[in-house]
Amino acid sequence: MADPGQMTSRVVLLVGFGGLLVLLGFAGLDGIQALEQIRTSNDSMREEFVARTRLLERIRSNVYISGTYVRDYLLESETGKAEGHRYSLLETRNDTDAAVAEYRKLMHAPEAAALGGLTRELDAYWRVLEPVFQWTPEQRRTGGYDFLRDEVFPRRMAMLGIADQIGGMNEAQMREGKARVDATFTQFRRRMGWTIVLTIGLGLVLAAFSVHTILGLERGMTESRTALQQLSARLVQAQEEERRAISRELHDEVGQALTGVRLELANLSQLIHSGSPLSAAKADEIKHEVEASIGVVRNMSLLLRPSMLDDLGLVPALEWQAREVSKRSGVWVQVDAAGVSEELPEEHKTCVYRIVQEALHNCVQHAAARNVKITVVQENAGLRLAIEDDGKGFQPARQKGMGLLGIQERVTHLGGVFAVESEPSHGTVLRVVIPLV
């Protein structure tokens with residue numbers, strides 16, 4: 001189970017890298033949208049400029065060529081050809097009016113006045129030409145040149161000047177549209193700059209946090225490795241001490257008892273050979289000594305691993321252990337393990353038994369407790385074990401002996417959780433949760 005520090009690091013890294021990806025995605029979408037907007041604006045502006053320029057060129061060309069048709073009409077002596085020039089002039093007028101109407105749909109507000117002036121000049125121009133179409137060939141021959149010089153050419157030049165003015169406005173609108181596109185691009189570039197700065201900043205923060213976390217993990221691994229080495233050394237030391245205690249127990253108790261039995265058997269043999277009536281009493285003494293030795297061996301085997309843990313199950317073994325501790329030390333030990341199944345895995349039963357055994361040893365040897373309560377609860381998810389005493393307590397953060405380290409190793413091996421709650425003069429509560437797969 002991950003500790004809160006690891007969970008916090010994971011959340012920070014997940015949120016940080018997720019935010020970085022979101023920021024990059026937003027920057028990409030914003031860039032695509034901005035580029036599409038710039039492209040659309042540029043295409044629209046260019047198409048509009050080209051269309052209006054073509055219309056102006058069409059109007060200018062029609063105005064210019066209309067003067068040619070008027071001149072040809074006035075100077076033509078043959079009536080048929082003159083009528084042909086007049087029809088061409090009427091078609092030019094219709095095309096010019098259509099071009100003006102189309103341009104009016106595309107014009108901007110600043111061009112309204114100039115286009116209105118051009119329209120008025122065109123209307124006046126066509127009105128001036130209408131009487132000419134009623135002239136006789138003689139009138140056209142005598143007054144045609146003066147009419148061209150005084151009416152047609154000046155008006156045509158004025159209209160061409162107005163058309164040039166509108167063209168200048170059109171170019172100004174083109175430049176204004178280009179300025180808008182440039183402003184949009186500048187704004188987009190500014191946004192991209194801020195996005196890059198934010199991305200780099202967030203990346204640096206994440207990099208610093210990642211380096212800090214990795215260094216912390218390396219320090220934690222170093223400390224864990226050191227603690228593991230110390231634990232291994234202390235386990236070896238504890239194993240040697242346990243072997244020494246067993247060896248001493250065998251030598252002092254069993255060995256001496258068997259030596260005494262051997263001597264008593266020699267005495268019994270002499271009494272039997274001599275026919276002494278004391279042989280029966282001597283046999284009873286030997287029997288009592290053998291039974292005492294058997295009891296010592298049984299107690300040692302039960303301390304190493306009680307056979308009842310295999311034969312009867314976990315709860316009877318815990319109750320036996322509680323009775324034995326109460327007999328030896330006078331500490332009142334209460335076991336509450338109702339509802340615990342005897343079909344538990346062997347590893348779980350052994351783990352709980354050893355934890356209780358070590359905890360009771362600490363309560364008797366170090367805590368100076370008078371009462372101990374052992375509670376075992378089986379749930380769907382696992383086993384909950386609590387061992388509570390009324391001893392003198394300690395500071396778990398500073399004082400963690402070999403027994404507690406061994407308990408922690410057993411619980412961790414089974415994927416469980418181990419916690420110690422204690423304060424000086426307020427007793428100790430040891431809590432263990434072991435999952436059941």
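The values are calculated or read from the model by the stated rules, or taken from the named source; none is laboratory data. Since the structure is predicted, the reported quantities are computational estimates derived from the model, not experimental observations. Quick reminder, even Gly has a Cβ in these numbers, built from the backbone with ideal geometry, and neighbours come from all protein chains shown.
Regarding region 121-130, can at least one residue be identified that is exposed (fewer than 15 other Cβ atoms within 10 Å of the Cβ) and closer than 30 Å to Glu47 by Cα? Yes, region 121-130 contains at least one residue that is exposed (fewer than 15 other Cβ atoms within 10 Å of the Cβ) and closer than 30 Å to Glu47 by Cα. So, Gln334, is that one closer than 30 Å to Gly393 by Cβ, surrounded by fewer than 17 Cβ atoms within 10 Å (Cβ to Cβ), assigned by TED's automatic domain parsing to the domain that holds Leu436 and at pLDDT 85 or above or not? Answer is yes for this residue. Only one residue in Thr222, Thr195 is of a type outside the set (Gly, Ala, Ser), modelled with pLDDT under 80 and out of contact with any Cys (no Cβ under 7 Å at 6 or more places or on another chain). Which one? Exactly one of Thr222, Thr195 is of a type outside the set (Gly, Ala, Ser), modelled with pLDDT under 80 and out of contact with any Cys (no Cβ under 7 Å at 6 or more places or on another chain), namely Thr195. Close Cβ contacts (under 7 Å, 6 or more residues apart or on different chains) running from residues in region 132-161 that are closer than 13 Å to Glu76 by Cα to residues that are outside any helix (DSSP H, G or I) comprise Pro137/Ser77; Arg141/Ser77.
Would you tally the residues in region 13-71 being among the β-branched types (Val, Ile, Thr), closer than 28 Å to Gln187 by Cβ and in contact with a Ser or Thr (Cβ under 9 Å, 6 or more places away or on another chain)? Selection size over region 13-71: 1.
Listed by first and then second residue, the pairs with beta-carbon distance under 6 Å, at least 6 apart or on different chains, first residue in region 404-418 and farther than 18 Å from Gln378 by Cα and without any contact (Cβ under 8 Å) to a residue 24 or more places away in the chain, second of a type outside the set (Asp, Glu) and not in a helix (DSSP H, G or I), are Gln408/Phe418.
Of the strands (runs of 3 or more DSSP E) lying entirely inside region 350-437, not one contains at least 3 residues that are farther than 18 Å from Gln321 by Cα and of a type in the set (D, E, K, R).
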